[in-house]
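Have a look at the structure below before the remarks.
The values are calculated or read from the model by the stated rules, or taken from the named source; none is laboratory data. Bear in mind the structure is a predicted one, so any value in this text is a computation, not a measurement. For neighbour counting, all protein chains shown are included, and Cβ atoms are generated from backbone atoms with ideal geometry for every residue, glycine included. In case anyone asks, the SASA skips ligands and DNA or RNA and just uses the protein heavy atoms, side chains included. Shrake-Rupley method; radii C 1.70, N 1.55, O 1.52, S 1.80 Å.
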Amino acid sequence: VQLQASGGGLVQAGGSLRLSCAASGSPFNVNDMGWYRQTPGKQRELVARIPRVGPPEYADFVEGRFTISRDNVKKMVWLQMNSLKPEDTATYYCNVIYDIGMNTWGRGTQVTVSS
């Protein structure tokens with residue numbers, strides 16, 4: 001079971017990035033897919049999550065700037081991030097929960113927003 005995340009990088013404040021994550025190596029269906037982020041010395045926090053069926057959920061700090069989407073057949077999830085702020089700087093982690101209850105994490109992709 002593997003999660004391959006990509007799309008991080010360095011961007012100026014106000015810019016955009018699109019994170020992608022592909023789940024592979026498992027024959028099971030995916031329930032929840034999501035993105036979390038973490039900065040040094042802080043706990044990992046939810047950014048956005050999207051269930052297989054139902055509306056997505058966003059952290060309050062997103063404030064309408066990010067959009068999460070998924071493809072159930074390809075087992076992929078994306079996070080479109082617009083109007084980025086320096087405080088969005090963090091390592092972003094992809095998270096997938098399979099229908100058997102298995103919870104998996106990607107290795108993280110760095111997002112740096114300069115002021």
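Taking the protein heavy atoms of the chain in the context of the full set of protein chains, the accessible area attributed to carbon and sulfur is 49 percent at 1.4 Å.
For a Förster distance of 35 Å, can you work out the FRET efficiency between the beta-carbons of Gln43 and Asp71, rounded to the nearest 0.05? Please report the intermediate quantities before stating the final value.
Numbers: r = 29 Å, r/R0 = 0.84.
The pair Gln43/Asp71 has a calculated efficiency of 0.75.
Computed with a 1.4 Å probe over protein heavy atoms only, the accessible surface of region 6-60 comes to 57 Å² per residue.
Taking all Cα pairs closer than 8 Å and separated by 6 or more residues, the relative contact order of the chain comes to 37 percent.
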